[in-house]
Amino acid sequence: MIAADRLAPASLDITKIREDFPVLRQSVRGKSLVYLDSAPTAQKPYAVIDAVRRFHEVDCANIHRGVHELSQRSTAAYEKTRSTAVRYFNASSESELIFVRGTTEAINLVAHSWGRMNVKSGDEIIISALEHHSNIVPWQMLCEEQGAVLRFIPIDDRGDLILEAYDKLLNARTRMVAVSHVSNALGTINPVRPIIEMAHAMGALVLIDGAQAVPHMSVDVRALDADFYAFSGHKLFGPTGVGMLYGKAELLESMRPYQGGGDMIKTVTLEKTTYNDLPYKFEAGTPNIAGGIGLGAAFDYVSDVGLDAVAAYENELLVYGTELLEQIPGLRIIGTAREKASVLSFVMEGIHPHDIGTVLDRMGIAVRTGHHCAQPVMDRFGIPATTRASLAFYNTPAELDRLAAGLQKIAEMFA
Ligand SMILES: Cc1ncc(COP(=O)(O)O)c(C=O)c1O
């Protein structure tokens, strides 16, 4: 077993990092808060809180349309986030990064715009059996409308995708492969590079749902050769209601706008509209300006902490937490993939996850219980729900000790 005091690598000062997150400093039900629910949304550092506040206090104005000082300042701050994102994800240019509400909207944008132009009756789309509902439902809707067929890459008992089955699913009718980079329900890190290569060899495009990857590892969209990559800002320590869709410029160029309205136009007459250039063509209406600016602060904050150090530390936390949980009587970890990130999903014999979550909450420990918007994953494992602890770099081994002690107590209470 890894000794708890050996866990924090010299490059990460967890005590200092925790001071950046004010929410972590509170007591819940008389105990110091243990926040193990970062997969649904991560906590925000002062850098993000202050950037959003500064916008509202000092720079608040609508963007792109104003000649006055405040509008220019808010436009510059908002667009700076896009430029930062270009470097952060190694995209080719600002044209390839579209502001959206989050991963869900990014996927819907592609399914709606690219999908309706390119998917015809009898065509096929491949997703996997471990997707979040956000990467299932838009494709089901598209297939239903276009008369296309949705196929699924199965998963094995560990929660790994079965690539041999994927290979057999791919064929000349496959138009799109849409898979998550990291599973929110199981923590599986999918081998997206080979998945993309195999799809491209068949002439299909690939969308990667990066919602659960981006907070835990660095992502290089060009090295991956992803056609589309979607993520949510709030899971990356940024504000809610903002995220981004990366798309290769030539693909975005060929696509029709997703929504119509202000900002996405060049000219409008009562009869006809010409559309704006990328990326604005896909950004109708006033966006979440404060959120976009806060997201820029989140990129900078995470870059300063260093994603390689984050990934290494979180992996040690995950190994440590797994070893602790394996010692709890009657506890079974769901999702034991060869490569995992930051998720400990489990069931306990004879105890409903909802009860586990409720008792843990009384101990000041926040976890999530339920199907995690991944009902097909629950079906695959023949369970209705799991309890899930999801980690971020501000978590500590001591917090995992508190979780394990809490679960030990629950096992005894319900024995
Ligand atoms: C893998 C994955 N995809 C998509 C989403 C949807 O993200 P959002 O609700 O921010 O659009 C989530 C959210 O939990 C997720 O974990």
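The values are calculated or read from the model by the stated rules, or taken from the named source; none is laboratory data. Since we're looking at a predicted model, the values are computed, not measured. Quick reminder, even Gly has a Cβ in these numbers, built from the backbone with ideal geometry, and neighbours come from all protein chains shown. Each accessible area value is taken on the protein alone, full model and side chains, heavy atoms only, with ligands, DNA and RNA left out. Shrake-Rupley method; radii C 1.70, N 1.55, O 1.52, S 1.80 Å.
Exactly one residue out of ASP167, ASP160 is closer than 29 Å to GLY147 by Cβ and away from the ligand (no atom under 13 Å from the Cβ): that is ASP167. Could we say that VAL367 is over 21 Å from LYS31 (Cα atoms) and touching a Leu at 6+ places or on another chain (Cβ under 9 Å) here? Against the criterion (over 21 Å from LYS31 (Cα atoms) and touching a Leu at 6+ places or on another chain (Cβ under 9 Å)), VAL367 does not qualify. Across the range 370-385, what is the total count of residues that are outside any loop (DSSP other than H, G, I, E, B), out of contact with any strand residue (DSSP E or B) (no Cβ under 8 Å at 6 or more places or on another chain), open to solvent by 60 Å² or more (accessible area, probe 1.4 Å) and farther than 21 Å from ASP37 by Cα? Of the residues in that region, 1 qualify.
If the requirement is being within 16 Å of the ligand (Cβ to nearest atom) and either touching a residue at least 12 places away in the same chain (Cβ under 8 Å) or not assigned by TED's automatic domain parsing to the domain that holds ASP160 (or both), which of these qualifies: VAL343, VAL302?
None of the other options fit; the residue is VAL343.
Residues of the range 104-131 that are within 16 Å of the ligand (Cβ to nearest atom) and either on the phi > 0 side of the Ramachandran plot or open to solvent by 50 Å² or more (accessible area, probe 1.4 Å) (or both): THR104, HIS112. From the list ALA311, ALA392, ALA405, exactly one residue is of a type in the set (A, V, I, L, M, F, W, C) and within 16 Å of the ligand (Cβ to nearest atom). Which is it? Checking each option against the conditions leaves just ALA392.
In the set (1) β-branched (Val, Ile, Thr); (2) more than 23 Å from VAL28 (Cα to Cα); (3) in a helix (DSSP H, G or I), THR358 fails one condition alone, (2). Scanning the range 386-414 for residues that are over 23 Å from the mean Cα position of the chain (by Cα), of a type in the set (A, V, I, L, M, F, W, C) and part of a helix (DSSP H, G or I) returns ALA398, LEU403, ALA404, ALA405, LEU407, ILE410, ALA411, MET413.
So which residues in the range 42-71 are in a helix (DSSP H, G or I) and surrounded by fewer than 17 Cβ atoms within 10 Å (Cβ to Cβ)? Of everything in the range 42-71, those that are in a helix (DSSP H, G or I) and surrounded by fewer than 17 Cβ atoms within 10 Å (Cβ to Cβ) turn out to be TYR46, ASP50, ARG53, ARG54, HIS56, GLU57, VAL58, GLU69, LEU70.
Entry remark, the range 132-160: residues being over 20 Å from MET198 (Cβ atoms), of a type in the set (A, V, I, L, M, F, W, C), open to solvent by 30 Å² or more (accessible area, probe 1.4 Å) and over 21 Å from the mean Cα position of the chain (by Cα) number 1 in total.
Specify which of the listed residues (ARG82, ARG101) is closer than 18 Å to SER218 by Cα and among the basic types (Lys, Arg). Quick ask: steps written out before the conclusion?
Working: ARG101 fails: closer than 18 Å to SER218 by Cα.
Only one candidate qualifies: ARG82.
Every test in (1) in the same structural domain as THR386 (by TED's automatic domain parsing); (2) over 25 Å from ALA404 (Cα atoms); (3) modelled with pLDDT of 95 or more is passed by ARG54 save one, and that test is (1).
Contact map, the range 98-127: first residue of a type in the set (S, T, N, Q), second residue assigned to a strand (DSSP E or B), Cβ cut-off under 7 Å, separation 6 or more or different chains; pairs are THR103/ASP209; THR103/ALA230; THR103/PHE231; THR103/SER232; THR103/GLY243; ASN118/ARG175. Note on the range 246-343: enclosed helices (runs of 4 or more DSSP H) holding 3 or more residues that are out of contact with any Lys or Arg (no Cβ under 7 Å at 6 or more places or on another chain) and open to solvent by less than 20 Å² (accessible area, probe 1.4 Å) are 289-305, 307-326. Scanning the range 197-240 for residues that are part of a strand (DSSP E or B) and either within 16 Å of the ligand (Cβ to nearest atom) or among the small types (Gly, Ala, Ser) (or both) yields VAL206, LEU207, ILE208, ASP209, PHE228, TYR229, ALA230, PHE231, SER232. Filtered by the rule that a residue be in contact with a strand residue (DSSP E or B) (Cβ under 8 Å, 6 or more places away or on another chain) and more than 15 Å from the ligand (Cβ to nearest atom), the range 183-194 gives a lone residue, PRO191.
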